[in-house]
Amino acid sequence: MLVLVGEGGINQTPTTTTSTTTTTVPLAHPQPGWTVASSSPRGVLVDYIDESVGGTVFRVLRLRARTTLLRWHAGSLDPPGVGALPPDAGPSIDWASEGRAGVVAAFNGGFKKSAGAGGARADGVTLEPLVAGDMTLALDAAGHWSMGVWGAKGFPAPGFDAISYRQNLGPMILHGVLTPATAPADYHQWGSVFPSGSLTSRSGLGVDRHGNLLYAAAIGKVDVAQLAIALLRAGAVSAMQLDINPFWPTLGASRSPLHAPGVMPVQLAYAQHNPSVFETGWERDFFVALAEPGPWVCSWTSPGLRPGVRGAQVQPLSLTGKGCRTKLRDLAARAHATTTTTLTG
């Protein structure tokens, strides 16, 4: 008997009880109010909701922690130093590696290096030094994420061996509440607005209590508090701002995992760029979300960073898990049989 329970945290794995017939795994199920963008035999991969705050509608995209993984890419122009990085962290989706898993979403990163908004590292290469006190998203070799304040005790957690870090200013949400810096009087802390003032297009990133990742953005005249409230309403317990101003927030999510350039119909209204820019090469940094394999015994991972090694360390994805390939073959065979029956029945 298969017993399905609520979604777990970032690094939880299926657990087998003392009974030989019962396995307990998290269930990535649809949630009322959220629209499913993509799903797999493992459950929902990506879903989204529109949150209205102060008359502005924010699109909030959610990556399910147990069904997706995340990678970070530097842009062709910013942060500088991309030439030192291998394709898995370069300015376009690495279809040779990431395409094997299947791309389910992509979205913009943070400020330019010249803004002095925080640091960035990837594949063992420091593109910008990390800054104490800045909100940080860390990604490990398996594409799991962790968000926290750099330099704070317990972040990243022991055993979380990151291969990528991306910072962008201080926290908007900590421990489930808005930080004082989101007050209207402190808008100058959140970047230079084009052309001036405190209101502009904004994007941000958060993590909810289940470990799911939340991306929120709106094109229009909004302040940082509205962005933070949109993430808070979507369930964020911690959050950071990403890039701002109309030219930069960009979002795309596919209806099924893409193994080559394709259509990402779930987008950000009024965005100035189609998410296809991430497929072919983009000037600014961005994130790519990938699908975990359907069977729970399988997962994607990369080699991780070896201590004492200088320079870039390539992080190609590969499958891991006992009996993984057998499970994948069985799943493919059942899918083929179902398709054949449907077509010929």
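Quick notes on this one:
- For beta carbons closer than 6 Å, sequence separation of 6+ or different chains, a first residue in segment 205-221 that is within 18 Å of Asp134 (Cα to Cα) and a second that is modelled with pLDDT of 95 or more and of a type in the set (Gly, Ala, Ser), the qualifying pairs are Gly206/Ala236; Gly206/Ala239; Val207/Ser238.
- Subset of segment 206-227 [in a strand (DSSP E or B), surrounded by fewer than 19 Cβ atoms within 10 Å (Cβ to Cβ) and under 21 Å from the mean Cα position of the chain (by Cα)]: none
- In segment 318-328, residue farthest from Pro303 (Cα to Cα) [restricted to those that are surrounded by 11 or more Cβ atoms within 10 Å (Cβ to Cβ) and of a type in the set (D, E, K, R)]: Lys327
- Pick from segment 117-130, criterion outside any strand (DSSP E or B) and closer than 21 Å to Pro87 by Cβ, ranking: farthest from the chain's Cα centre (by Cα): Gly124
- Test: residue in segment 57-79 that is out of contact with any Gly (no Cβ under 9 Å at 6 or more places or on another chain) and under 20 Å from Leu331 (Cβ atoms): no
- Lone qualifier among Leu85, Leu169, Leu139 - being on the phi > 0 side of the Ramachandran plot and aliphatic (A, V, I, L, M): Leu169
- Which listed residue, of Leu77, Leu85, is surrounded by fewer than 22 Cβ atoms within 10 Å (Cβ to Cβ) and within 30 Å of Val222 (Cβ to Cβ): Leu77
- Counting the residues of segment 39-72 that are free of Cβ contacts under 8 Å to residues at least 60 places away in the same chain and either outside any strand (DSSP E or B) or touching a helix residue (DSSP H, G or I) at 6+ places or on another chain (Cβ under 7 Å) (or both) gives 1.
- Residue in segment 251-259 that is closer than 25 Å to Lys113 by Cα and under 19 Å from the mean Cα position of the chain (by Cα) present: yes
- Contact annotation: residue pairs with Cβ atoms under 6 Å, 6 or more positions apart or on different chains, pairing a residue in segment 276-293 that is over 19 Å from Pro265 (Cβ atoms) and touching a residue at least 12 places away in the same chain (Cβ under 8 Å) with a partner that is of a type in the set (Asp, Glu) and part of a loop (DSSP other than H, G, I, E, B), are Arg284/Asp78.
- Sole exception among (1) at pLDDT 95 or above; (2) in contact with a helix residue (DSSP H, G or I) (Cβ under 8 Å, 6 or more places away or on another chain); (3) part of a loop (DSSP other than H, G, I, E, B) for Gly133, by number: (2)
- Long-range neighbours under 6 Å by Cβ, at least six apart or interchain, first residue surrounded by 24 or more Cβ atoms within 10 Å (Cβ to Cβ) within segment 228-248, second part of a strand (DSSP E or B) and among the basic types (Lys, Arg): Ile244/Arg202
- So Leu63, is it at pLDDT 95 or above and within 27 Å of Ala218 (Cα to Cα): yes
- Residue match in segment 127-136 (condition: buried (at least 18 other Cβ atoms within 10 Å of the Cβ), on the phi > 0 side of the Ramachandran plot and either touching a residue at least 60 places away in the same chain (Cβ under 8 Å) or not acidic (Asp, Glu) (or both)): no
- Asp161 being surrounded by 21 or more Cβ atoms within 10 Å (Cβ to Cβ) and in contact (Cβ under 8 Å) with a residue 60 or more places away in the chain: no
- Flag set for Ser203, criterion: surrounded by 23 or more Cβ atoms within 10 Å (Cβ to Cβ), among the polar types (S, T, N, Q) and either more than 24 Å from Asp285 (Cβ to Cβ) or under 21 Å from the mean Cα position of the chain (by Cα) (or both).
The values are calculated or read from the model by the stated rules, or taken from the named source; none is laboratory data. Just so you know, these numbers come straight off a predicted model, no measurement behind them. Don't worry about glycine lacking a Cβ; one is built from the backbone with ideal geometry, like all the others, and counts go over all protein chains shown.
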